[in-house]
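**Q** So that we are looking at the same thing, I have put the structure below in structure tokens.
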Amino acid sequence: MARTSVGILGATGMVGQTLVKMLENHPWFEVTELAASERSVGRKYEEAMDSRWNVSPYIPEYARNIRIKECRPDLDCDIVLSALDSSVAGSIEEDFARAGYGVSSNAKNHRMDADVPLLMPEINAGHVELIDTQRKARKWDGFIVTDPNCTTIHMCLALKPLIDRFGIDKVMVTSMQALSGAGYPGVPSMDIVDNVIPFIGDEEDKVEEEPLKIFGNASGGIIDRARIAISAQCNRVAVRQGHTECISVKLSTKASGEEVIEAFSKFRGIASPRLPSAAQHPVVYLEQENRPQPKLDLNIENGMASVVGRLRPCSILDYKFVVLGNNLVRGAAGAAILNAELLKATGYIEK
Ligand code: NAP
């Protein structure tokens, strides 16, 4: 199969680097273009990254000599993956869609647009049909699909098996979010060492709102949002990578603890088509009483799973448990890649 050519917008940031890394030797995709801000334009990728490369020991060989371009829709590629800062992502992604490119975005700007799929292939692959509505309404040949916020993604993966088996009425979540979630260089070290910051701008709204769209039913190009009450508290902690979430749920029907763990463990998510980056087990349940931990469990299933542990009864709702998710992989770059794979498998990317 000929590989689809990919451009990365925001290739120099934390998520952009992770895309560059994850697309090395991808079976379906080949990176042909890297783009970023005027600070980086014109430089070879390895020069622009200098001391900023953060996600693995070495910059992949294929990317080192690619010259960084402006984020203008004249790139030589079939699809773009956007890891742009949200201050600029909205209009740049629209320019690409208008010019006929498919855009798989990490940015928040278009997530809640009624005609833009907020995709998680393990949960709502059918929402790709919104692309047809979007193209008709906006009169453009390209399209935009988005992945959710990183905390939202890992919470939704863990909730999905429970929604399928028992239904969920209420969710309370308290997150402890890693520094890399704030991009590079992110939170100043003087603000975060020895500290917890109990505020991340807009984060709680995203974690409460996005799941209702993700779990909604798509029909006739419209999403009927799920009815789940969600209350979120989000904190920044001095962990480099990996968001931890303490979640309590009120189920719609009664379930034993064994049945809840069985639902987590048996969840497979994507039955068909098989996507190359998808985890075999998108939700992994760990039995040890002190797990999951970012230091130990971040890269289970290559970072593409939500790792769950510590299931126990909750005296206010029904059950509580802990979820760990790799914010840069399944929470961002891996999410945009998985969505692009779904677009290829469903024919929205033709090459
Ligand atoms: P980041 O490290 O700050 O990187 C931002 C990228 O945007 C850089 O490549 C930067 O290029 C580029 N950029 C900034 N201003 C620009 C401009 N005026 N024109 C063109 N490019 C510009 O941020 P990040 O953490 O990678 O996040 C990228 C996106 O993913 C954001 O929208 C973020 O909200 C979202 N996201 C992040 C995570 C995470 O865990 N980090 C998770 C989910 C979603 P230069 O280097 O040239 O300035």
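The values are calculated or read from the model by the stated rules, or taken from the named source; none is laboratory data. Keep in mind it's a predicted model, so treat the numbers as computed, not measured. Please note: Cβ atoms are built from the backbone with ideal geometry, for glycine as well, and neighbour counts cover all protein chains shown. Surface accessibility is based on the protein's heavy atoms, side chains included, excluding ligands, DNA and RNA. Shrake-Rupley method; radii C 1.70, N 1.55, O 1.52, S 1.80 Å.
**Q** Normalised by the residues of the chain, what does the relative contact order come to in percent, with Cα pairs under 8 Å and at least six apart?
**A** Averaging sequence separation for qualifying contacts and normalising by length gives 18 percent for the chain.
**Q** I'd like to know which of SER5, VAL55, MET22 lies farthest towards the positive end of the charge dipole of segment 1-153, counting +1 on Cβ of Lys and Arg and -1 on Cβ of Asp and Glu.
**A** The residue sitting farthest along the positive end of the dipole is VAL55.
**Q** What is the distance in Å between the Cα centroid of segment 134-156 and that of segment 265-320?
**A** Result: 24 Å between the Cα centres.
**Q** Excluding residues on the same chain fewer than 8 positions from LYS139, give the aspartates and glutamates whose Cα lies under 20 Å from its Cα.
**A** ASP74, ASP78, GLU93, GLU94, ASP95, ASP113, ASP115, GLU129, GLU350
**Q** Let me ask something else about it. In what sequence, highest mean first, do 302-309, 169-176 appear when ranked by Cβ atoms within 10 angstrom?
**A** Those peptides, ordered most packed to least, come out 302-309, 169-176.
**Q** How much net charge surrounds ASN217 when only the other residues with a Cβ under 12 Å from the Cβ of ASN217 are counted, with Lys and Arg +1 and Asp and Glu -1? Don't skip to the answer; put the middle values down first.
**A** Numbers: positive: LYS213, ARG225, ARG227; negative: GLU129, ASP224.
Result for the local shell: +1.
**Q** Going Cα to Cα from LYS21, which lysines come in below 21 Å? Please leave out same-chain ones fewer than 8 positions away.
**A** Result set, ordered by chain and number: LYS44, LYS69, LYS295, LYS344.
**Q** Send over a whole-number figure in Å² for the accessible area per residue of the chain, probe 1.4 Å.
**A** With all protein chains present, the chain gives 43 Å² per residue.
**Q** Can I ask one more? Go through 157-165, 53-61 and give me the packing order, highest mean Cβ count within 10 Å leading. Could the numbers behind the result be given before it?
**A** Numbers: 157-165: 22.4, 53-61: 13.6.
Listed from highest to lowest mean packing, they are 157-165, 53-61.
**Q** Next up: Going from most exposed to least, what order do ASP115, ASP191 have by accessible area with a 1.4 Å probe?
**A** The most accessible residue leads, giving ASP191, ASP115.
**Q** OK, next. Can you give the Rg to Rh ratio for segment 201-346, taking only C-alpha atoms and Rh from Kirkwood?
**A** Values: Rg = 16.0 Å, Rh = 16.8 Å.
That ratio is 0.95, to two decimals.
**Q** Toward the positive end of the charge dipole of the chain, about the Cα centre and with charges on Cβ (Lys, Arg +1; Asp, Glu -1), which of GLN293, ALA97, ILE68 goes farthest?
**A** Farthest towards the positive pole: GLN293.
**Q** Counting Lys +1, Arg +1, Asp -1, Glu -1, what net charge surrounds ASN54 among other residues with beta carbon under 12 Å of its beta carbon?
**A** With Lys, Arg at +1 and Asp, Glu at -1, the neighbours total +2.
**Q** How many percent of the accessible area of segment 150-326 is carbon or sulfur, using a 1.4 Å probe?
**A** On segment 150-326, the fraction of accessible area on carbon and sulfur atoms equals 50 percent.
**Q** Can you give the accessible area of MET112 in Å² (nearest 10), computed on protein heavy atoms with a 1.4 Å probe?
**A** Taking all protein chains as shown, MET112 has close to 70 Å².
**Q** Further question on the same structure: Which shape class applies to segment 96-142: rounded if a/c is under 1.5, otherwise prolate when a/b exceeds b/c and oblate if not, where a ≥ b ≥ c are the square roots of the Cα gyration tensor eigenvalues?
**A** Prolate is the answer for segment 96-142, as a/c is 1.5 or above and a/b outweighs b/c.
**Q** Placing +1 at every Lys and Arg Cβ and -1 at every Asp and Glu Cβ, with all other atoms neutral, what dipole size does segment 247-351 have around its Cα centre, in debye to the nearest 20?
**A** 160 debye
**Q** I need to check one value: relative contact order of segment 180-305, counting alpha carbon pairs closer than 8 Å and at least 6 residues apart, in percent.
**A** Details: 99 pairs, mean separation 26.5, N = 126.
21 percent.
**Q** Rounded, prolate or oblate, given the Cα gyration tensor of segment 120-186, with a/c below 1.5 counting as rounded?
**A** Oblate, because a/c is 1.5 or more while a/b does not exceed b/c.
**Q** Using helices alone, what [θ] at 222 nm do you get for the chain, with -39,500 (n - 2.57) per DSSP H run of 4 or more residues, divided over all residues and rounded to the nearest 500? It would help to have the intermediate numbers written out before the result.
**A** Numbers: 12 runs with 102 residues, N = 351.
Mean residue ellipticity at 222 nm (helix-derived): -8000 deg cm²/dmol.
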